[in-house]
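A short worksheet on the structure shown next.
The values are calculated or read from the model by the stated rules, or taken from the named source; none is laboratory data. Because the structure is a prediction, the values reported are computed rather than measured. Glycine gets a Cβ as well: all are built from the backbone with ideal geometry, and neighbour counts include every protein chain shown.
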């Protein structure tokens, strides 16, 4: 894998891709080499990008080489380590704990799933690690990497399933 196919995320709140620097938000507790569910940390390592989810009612179809999926009102992401669907897309209503992907705020209008703890998911090692839209002021996330909508749209045009996110 050459350096050209790696996105670098730094604890300073900077992301580097194809020679361009972007502002980003990371987990409220920085980076962790031993990510656990609910620790508020962004997992430290290299991960493949998996797919892009978007709200069709709020955004035009984005251009990307990654698999593209439309977020539905009944989409969620299981974050219950005891559940068989842990760290997977689920349909709501759901009996276990989950992250609702259809949100009133805009942070999940565009989501790029990061291949953290998904092959296979290990209970308690962290779930729902995404690249998504940053809140105003780039306030910290629960463990995701967040950027402006325009920056995300720009980045997903040039990534593919071989792109690594390198979080150091």
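Can residue 64 be described as touching a residue at least 60 places away in the same chain (Cβ under 8 Å) and either loosely packed, with under 14 Cβ neighbours inside 10 Å or more than 19 Å from residue 146 (Cβ to Cβ) (or both)? No. Against the numbered list (1) buried (at least 16 other Cβ atoms within 10 Å of the Cβ); (2) closer than 19 Å to residue 142 by Cβ; (3) under 16 Å from the mean Cα position of the chain (by Cα), residue 81 comes up short only at (3).
Checking each residue in region 17-37 for being free of Cβ contacts under 8 Å to residues at least 12 places away in the same chain and either out of contact with any strand residue (DSSP E or B) (no Cβ under 7 Å at 6 or more places or on another chain) or surrounded by 15 or more Cβ atoms within 10 Å (Cβ to Cβ) (or both) picks out 19, 20, 34.
Within region 121-136, no residue satisfies the criterion of being free of Cβ contacts under 8 Å to residues at least 12 places away in the same chain and in contact with a helix residue (DSSP H, G or I) (Cβ under 6 Å, 6 or more places away or on another chain).
Filtering region 67-78 to residues that are in a loop (DSSP other than H, G, I, E, B) and either in contact with a helix residue (DSSP H, G or I) (Cβ under 8 Å, 6 or more places away or on another chain) or surrounded by fewer than 18 Cβ atoms within 10 Å (Cβ to Cβ) (or both) leaves 67, 72, 73, 74. Within region 141-157, residues that are touching a residue at least 40 places away in the same chain (Cβ under 8 Å) and on the phi < 0 side of the Ramachandran plot reach partners that are part of a helix (DSSP H, G or I) and surrounded by fewer than 17 Cβ atoms within 10 Å (Cβ to Cβ) with beta carbons closer than 8 Å, at six or more positions or on different chains, in the pairs 146/138.
Counted as qualifying within region 96-167 are the strands (runs of 3 or more DSSP E) with 2 or more residues that are within 15 Å of residue 24 (Cα to Cα) and modelled with pLDDT of 95 or more, namely 110-114, 130-133, 145-147, 164-167.
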